[in-house]
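*Asks:* The structure under discussion is supplied below as structure tokens; questions concerning it will follow.
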Amino acid sequence: MTFAWYGHLKLQNSGISRDWPLILVILFSWGIALFEYMCQVPANRIGFLENGGPFTLIQLKVIQEVVSLIVFTVLVTLFFKGESFHWNHVAAFFCLVAAVYFVFMK
């Protein structure tokens, strides 16, 4: 979802979609989101405890959030040069790692 939500901003900055009407930007983002959902939904089904997977719903959600934030950070760092990375972002990532630890703790 990260690329669907924020990728169009990079396209706009690069001039590709600068003149697109908002409805076209929305449809473009939905097309990307559809592909991402086609990957995420099967992964959740396979990974869910009641379907034979190893994870509870809460664990799946925490994993999804951490992966999403990692992908977002990589996208911002690589494609949006005006954005800067600060100490509080690093502190937030440590909190996310702690969240993963606590959600998997028995």
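The values are calculated or read from the model by the stated rules, or taken from the named source; none is laboratory data. What you see is a predicted model; the values in this text were computed from it and never measured. We place every Cβ from the backbone using ideal geometry, glycine too, and count neighbours over all the protein chains shown. Quick note on the areas: whole protein, heavy atoms, side chains included, nothing else; ligands and nucleic acids left out. Shrake-Rupley method; radii C 1.70, N 1.55, O 1.52, S 1.80 Å.
*Asks:* Give the residue list of GluC sites (Glu not before Pro) in the range 36-97 that are DSSP loop and have at most 16 other beta-carbon atoms within 10 angstrom. Intermediate results must be reported in sequence, preceding the final value.
*Replies:* Details: sites: Glu36, Glu50, Glu65, Glu83; in loops: Glu83.
The qualifying sites are Glu83.
*Asks:* Across the range 40-47, in residue order, what do the Karplus-derived ³J(HN,Hα) couplings come to in whole Hz, using 6.51 cos²θ - 1.76 cosθ + 1.60 with θ = phi - 60° and x for Gly and Pro?
*Replies:* Taking θ as phi minus 60°, the curve returns 6, 4, x, 4, 5, 4, 5, x Hz for the range 40-47.
*Asks:* If I ignore ligands, DNA and RNA and count only protein heavy atoms, how much of Cys95 is accessible to a 1.4 Å probe, in Å² to the nearest 10?
*Replies:* Rounded to the nearest 10, that gives 90 Å².
*Asks:* Per the Cauchy relation, a quarter of the hull surface: what is the mean projected area of the convex hull of the alpha carbons in the range 63-102, in nm²?
*Replies:* Details: hull surface 10.9 nm².
For the Cα atoms of the range 63-102, the hull's average projected area reads 2.7 nm².
*Asks:* Okay, next question. May I ask you to give the solvent-accessible area per residue for the chain, in square angstrom, as obtained with a 1.4 angstrom probe? The partial results should precede the final answer.
*Replies:* Values: 8010 Å² over 106 residues.
That works out to 76 Å² for each residue.
*Asks:* Then there is this: I want to verify a result. In a Gaussian network model of the chain, Cα cutoff 10 Å, which of these has the top mean-square fluctuation: Gly31, Gly52, Gly82?
*Replies:* Highest fluctuation among the options: Gly82.
*Asks:* How about the range 1-98: which trypsin sites (Lys or Arg not before Pro) there are in a DSSP loop, with at most 13 other Cβ atoms within 10 Å of their Cβ?
*Replies:* Details: sites: Lys10, Arg18, Arg45, Lys61, Lys81; in loops: Arg18, Lys81.
Taking the range 1-98 and a limit of 13 other Cβ atoms within 10 Å, the loop trypsin sites (Lys or Arg not before Pro) found are Arg18, Lys81.
*Asks:* Sort Met105, Met38 from largest to smallest accessible area, using a 1.4 Å probe on the heavy atoms of the protein chains. Working shown, then result.
*Replies:* On the way: Met105 100, Met38 120 Å².
Greatest to least solvent exposure: Met38, Met105.
*Asks:* If I compute solvent accessible area with a 1.4 Å probe over the protein chains, what percent of it on the chain is carbon and sulfur? Kindly include the intermediate steps, with their values, before the conclusion.
*Replies:* Working: 5840 of 8010 Å².
So the carbon and sulfur contribution to the accessible surface is 73 percent.
*Asks:* For the chain, what is the Kirkwood hydrodynamic radius in Å, using each pair of distinct C-alpha atoms?
*Replies:* On the way: mean 1/r = 0.0629 Å⁻¹.
Computed over Cα pairs of the chain, the Kirkwood hydrodynamic radius comes out at 15.9 Å.
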